[in-house]
Amino acid sequence: PPGGMVPPGMPPGFPHGPPLGQGMQHRPPPPQAYPAVFEFLPGVASLMEDLDKRVLVTLRDGRHFVGMMRSFDQYGNVMLEDTYERHVHNELYADERLGLYVIRGENMVLLGELDMEKEQEQAASREVTLEQMQAAKKKASAEKAEDELLRKKLQQQSLGLGGMGFDDYL
């Protein structure tokens with residue numbers, strides 16, 4: 001200060017500022033260089049966590065795809081490598097090889113990392129060929145149609161509507 005004056009609130013003998021630790025704002029330590037890069041990324045950016053990992057994708061129509069996620073874009077479209085479609089029916093499953101596959105983001109319901117160790121340990125499901133899977137689904141569909149027909153007939157009999165033309169409404 002000019003003329004040897006000490007500013008108000010400053011102890012004498014400290015002409016160049018307050019002593020260390022007094023009058024200074026406490027500053028937090030500098031942030032660590034990316035302590036957790038993927039702690040939380042909003043929206044499509046969260047797909048970065050799954051790059052180069054084996055993922056399971058479920059679509060709106062109920063189909064399941066398993067593959068190595070290689071790329072994604074701003075719309076949520078993903079590219080899977082070594083992809084196969086997994087067909088599941090009760091305790092049976094079959095894999096249909098597809099290769100390189102692109103899935104539109106608007107069709108995805110679920111995308112998650114697949115744990116290969118747990119997948120190999122699944123004792124509850126049994127792998128069959130695609131033809132066996134299709135035959136099992138066809139048989140189940142025929143049984144369901146037969147059960148539905150029987151249900152309609154029983155319903156008509158219980159209501160006393162048999163033969164009156166109400167088949168389409170029940």
key: Search result, residues across segment 109-131 that are surrounded by 13 or more Cβ atoms within 10 Å (Cβ to Cβ) and either touching a Pro at 6+ places or on another chain (Cβ under 8 Å) or more than 22 Å from LEU59 (Cα to Cα) (or both)   = VAL128
query = Here is a list of conditions, (1) surrounded by 13 or more Cβ atoms within 10 Å (Cβ to Cβ); (2) without any contact (Cβ under 8 Å) to a residue 24 or more places away in the chain; (3) of a type in the set (Lys, Arg), and ARG97 meets all of them except one; can you say which number that is?
reply = (1)
ask   = Is it the case that VAL78 is within 17 Å of GLN120 (Cα to Cα) and of a type outside the set (Asp, Glu)?
value = no
key: Residues being within 20 Å of ALA94 (Cβ to Cβ) and among the hydroxyl-bearing types (Ser, Thr, Tyr) - total across segment 126-158   = 2
ask   = Across segment 109-167, which residue is modelled with the lowest pLDDT among those that are part of a loop (DSSP other than H, G, I, E, B) and of a type in the set (Ser, Thr, Tyr)?
value = SER125
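Might you let me know whether segment 100-108 holds any residue that is loosely packed, with under 14 Cβ neighbours inside 10 Å and modelled with pLDDT under 85?
For segment 100-108, residues loosely packed, with under 14 Cβ neighbours inside 10 Å and modelled with pLDDT under 85: absent.
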remark   = In segment 65-90, anything surrounded by 12 or more Cβ atoms within 10 Å (Cβ to Cβ) and outside any strand (DSSP E or B) is listed as ASP73, GLY76, ASN77
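Is it the case that some residue within segment 57-64 is surrounded by 13 or more Cβ atoms within 10 Å (Cβ to Cβ) and either in contact with a helix residue (DSSP H, G or I) (Cβ under 6 Å, 6 or more places away or on another chain) or of a type in the set (Phe, Trp, Tyr) (or both)?
yes
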request  = Go through the residues of segment 79-97 one by one and say whether even a single one is small (Gly, Ala, Ser), touching a Gly at 6+ places or on another chain (Cβ under 9 Å) and at pLDDT below 95.
outcome  = no
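The values are calculated or read from the model by the stated rules, or taken from the named source; none is laboratory data. Predicted, not measured: the structure shown is a model, and the values here were computed from it. Don't worry about glycine lacking a Cβ; one is built from the backbone with ideal geometry, like all the others, and counts go over all protein chains shown.
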